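Beneath this line is the structure, given in structure tokens, with notes to follow.
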Ligand SMILES: [Zn+2]
């Protein structure tokens, strides 16, 4: 935690106000305004052309795919999509920006007035407003280290110039670092479900800047805000906000005033540093991009986009909670990625009891994976294997104890369930007389429990089933055993 120490009483006097700006690279094959490949990891300066290098006379042509993706994202974020929006030049000088400006959108963005719903600390839900979603292009990258001559020079890689982006700006509706974390998590999930971006923060496909200020609780006016940049994980966003909130409160409590400035998060030290004050900030001299016509989103594109809209994570969870009798946490696990949720549901449909497939995945498989620190999609047991295991359980062909043993073998030998089951197929006792003999012995040895059962405590049947199952070393056919125990106890 930060070195700033405010007492809980002092912290409680203040209310933080947080707004987030998120830049997301769109997963198009080519760049926003030229035919160059939009690809991370190519050799430096190989995906460039006169347009994205801003050479004199080169003219931008808007990538339709980028518009489709930006429209899909805006719709998924509950925005109103403007039929007509305007590209604008955002002018500034920086070595990684050879044109001297970025094509962006300014006063007429693609979409506005959206929202994302997040869970709150008290178990409720809250809508965080989205002010706007606009399209723009990315700049290149300055490389300060990792190359042979990095000690002497800064190198430039202009492959990223012209990569299509959407910038998603939230309303200042966020009140805690946890809410900011939830907002970002939900936002990323929606962008992944709609497949408009890979949202890979390490590769810079999703980048977040946070605006934060504090005010006395009950005050109407916002405090002076600081912008925290350069935060490359959601966890760090939460930490940076926590630090910044406490720092600002300390400044105010000591009689000072918070400066409007841009600050950088240093993850190693767990604190923010002042980068530049507002006075030194850029004046971008926006003006309409003369080389591009207004962007018109046609009614056809809107209806196409509506058709392409996948079931979004929140709706999917609600449906799955009802369909598989899951709790909220388990629903989150099963919907962590769209691919996984799709695989699960396709498999569950083929099973005798879809709910049992969900339970097996979450309990038996989930537990073993967690112990090995593996994700569900790294399991040695395939979804088909889980379905087979669930069906065998459902039909009473194996006991849950046998299932556990089989799964242990799967994990020990890194083998799928069908192969292990075929080889190790447990012996099952299906001989009625043999099972009845064991039941008789257990009944004789437990007169007190028999009495309780006959006095009306029918749940006691489970006790007898368990005892006989143990005596049979887990090999009694569960369905037959259940039936015979009831018969004997009633008899
Ligand atoms: Zn190009």
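The values are calculated or read from the model by the stated rules, or taken from the named source; none is laboratory data. If you're wondering where the values come from, they're calculated on a predicted model, not measured in any experiment. All Cβ positions, even for glycine, are placed from backbone atoms using ideal geometry, and neighbour counts span all protein chains on display.
Values as computed for the structure displayed
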read-out: Residue within region 48-58 that is in contact (Cβ under 8 Å) with a residue 40 or more places away in the chain, within 11 Å of the ligand (Cβ to nearest atom), in a loop (DSSP other than H, G, I, E, B) and touching a strand residue (DSSP E or B) at 6+ places or on another chain (Cβ under 7 Å) present; value: no
read-out: Filtered residue count, region 18-34, keeping only those that are over 30 Å from residue 221 (Cβ atoms) and more than 16 Å from the ligand (Cβ to nearest atom); value: 2
read-out: Residue ID - surrounded by the fewest Cβ atoms within 10 Å (Cβ to Cβ), chosen from residues in region 299-342 that are touching a helix residue (DSSP H, G or I) at 6+ places or on another chain (Cβ under 9 Å) and closer than 30 Å to residue 106 by Cβ; value: 306
read-out: Top-ranked residue in region 205-227 [being free of Cβ contacts under 8 Å to residues at least 60 places away in the same chain and in a strand (DSSP E or B); ranked as nearest to residue 258 (Cα to Cα)]; value: 226
read-out: Residue match in region 62-83 (condition: within 11 Å of the ligand (Cβ to nearest atom) and either over 30 Å from residue 117 (Cβ atoms) or in a helix (DSSP H, G or I) (or both)); value: yes
read-out: Pick from region 326-359, criterion in a helix (DSSP H, G or I) and touching a residue at least 40 places away in the same chain (Cβ under 8 Å), ranking: nearest to residue 407 (Cα to Cα); value: 347
read-out: Top-ranked residue of region 35-47 - restricted to ones that are within 10 Å of the ligand (Cβ to nearest atom) and surrounded by fewer than 21 Cβ atoms within 10 Å (Cβ to Cβ), ranked as nearest to the chain's Cα centre (by Cα); value: 37
read-out: Answer residue from region 142-183, given it is crowded, with 24+ Cβ neighbours inside 10 Å and away from the ligand (no atom under 16 Å from the Cβ) and is nearest to residue 62 (Cα to Cα) among those; value: 166
read-out: Qualifying residue in region 148-161 (condition: within 30 Å of residue 310 (Cα to Cα) and over 23 Å from the mean Cα position of the chain (by Cα)); value: yes
read-out: Residue 139 over 28 Å from the mean Cα position of the chain (by Cα), without any contact (Cβ under 8 Å) to a residue 60 or more places away in the chain and under 28 Å from residue 53 (Cβ atoms); value: no
read-out: Residues of region 458-472 satisfying the condition of being closer than 11 Å to residue 489 by Cβ and in a loop (DSSP other than H, G, I, E, B); value: none
read-out: Test: residue in region 119-137 that is within 16 Å of the ligand (Cβ to nearest atom) and within 30 Å of residue 97 (Cα to Cα); value: yes
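This table checks each residue for (1) within 30 Å of residue 51 (Cβ to Cβ); (2) at pLDDT 95 or above; (3) touching a strand residue (DSSP E or B) at 6+ places or on another chain (Cβ under 9 Å); (4) loosely packed, with under 13 Cβ neighbours inside 10 Å.
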| residue | (1), (2), (3), (4) |
| --- | --- |
| 220 | no, no, no, yes |
| 225 | no, no, yes, no |
| 247 | no, no, yes, no |
| 282 | yes, no, yes, yes |
| 289 | yes, yes, yes, no |
